[in-house]
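Single-structure report; data block below.
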Amino acid sequence: MKRRIFSGAQPTGSLHIGNYLGALRNWVDLQSEYESFYCIVNLHAITLPQDPATLRQKTLDLARIYLAAGIDPEVSTIFIQSDVSEHAELAWVLSSIARMGELERMTQFKDKGKGNRERAGVGLFTYPILMAADILLYQTHLVPVGKDQKQHLELSRDLAERFNRDYGTAFVVPDPFIPPVGANILSLQDPAKKMSKSDENPNASIFLLDEPDTIAKKIKRAVTDSGTTIVFDESRPAIHNLLTIYHLMTGKSANEIEVHFQGKGYGHLKTELAEAVVEFMKPFQERVKDFDDAHLNEILKKGAAKARIIARATLDDVYTKMGVVGAT
Ligand code: TYM
């Protein structure tokens, strides 16, 4: 039996190269080695207000992006979270064993809730529990994600271990897969922040569907630093970030890149980086047009049917172990 992968992305905003380099490319690389489940987590999306028509459209668009990125529906299971209601059910169960204190420590709630506890949604607070449910339902061994999800993964592990200890083993304890390079692509406008779908400044992120001239403009406007040399130096995060993107887009080694840019200026780096990103994105942007809605719906329906069987078996086991079923 192959070991299992589960991962997902929210159908909000537009996917950017951080999402691709931190997560999606690893989903593609790992999909044949593992039995893989890639989810469109629309129930997570509604923890912040969404326009219903836009959310519907973005949900289908995200499926298109998964496929264009190279996820093969013949190999991996692709589905929409709300199509498998066991996610919400297990989240309820896990919310009964999770502790307020451990959720209070989640940094993403503090960021997204903007520090305003009184106004922040309860769903935003319990968001990591739904994420744990997503993962644990599938007896997942490996969860390929970017660095920003590390803390959520730790909570998922803690909840699995707690349940297994208190009620008997129902869950595999999942390991995160966080790539050594590309797990934290930074904003082009403020290298103190990660590149984020929800950034209000569109110049901060390169979106997967950006036109070539938009990509070039954004890279040209990217902030740099006061140094002049083009080297991988983590104490200069803006240039380090641009070089990391260049490295991942071209496949050239850090050493090759430093030699290549020796004696050249930031302008030169930006021009070549823009060319590399545009070139890298071209086949992906071509493929996105290939999938019509009917085809996507068919893949998602099939995916949900397959996912539901595994999810139901886990939930039945959980309910039995807790005494929730079996009274009659
Ligand atoms: P989401 O939709 O914010 O992001 C999708 C994936 O992209 C990664 N990522 C990044 N990687 C590198 N650099 C960045 N700047 C960057 N920004 C985002 C994220 O780490 C993620 O892997 N909570 C999750 C979705 C989710 C999930 C799950 C993931 C729900 N349930 C279960 C794994 C397993 C999220 O909001 O991802």
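The values are calculated or read from the model by the stated rules, or taken from the named source; none is laboratory data. Worth saying up front: this structure is predicted, and the values here are computed from it rather than measured. Don't worry about glycine lacking a Cβ; one is built from the backbone with ideal geometry, like all the others, and counts go over all protein chains shown.
Descriptive notes on the structure:
- Restricting the first member to the range 104-131 and to residues that are farther than 22 Å from Trp92 by Cβ, and the second to residues that are basic (Lys, Arg), no beta-carbon pair is closer than 6 Å while six or more apart or on different chains.
- Filter result for Gln57 (surrounded by fewer than 17 Cβ atoms within 10 Å (Cβ to Cβ), more than 11 Å from the ligand (Cβ to nearest atom) and either under 26 Å from Arg312 (Cα atoms) or over 11 Å from the mean Cα position of the chain (by Cα) (or both)): yes
- Any hit, the range 241-252, residues being modelled with pLDDT of 95 or more and not in a helix (DSSP H, G or I): yes
- Selection over the range 1-22 of residues that are at pLDDT 95 or above and either within 6 Å of the ligand (Cβ to nearest atom) or aliphatic (A, V, I, L, M) (or both) gives a count of 12.
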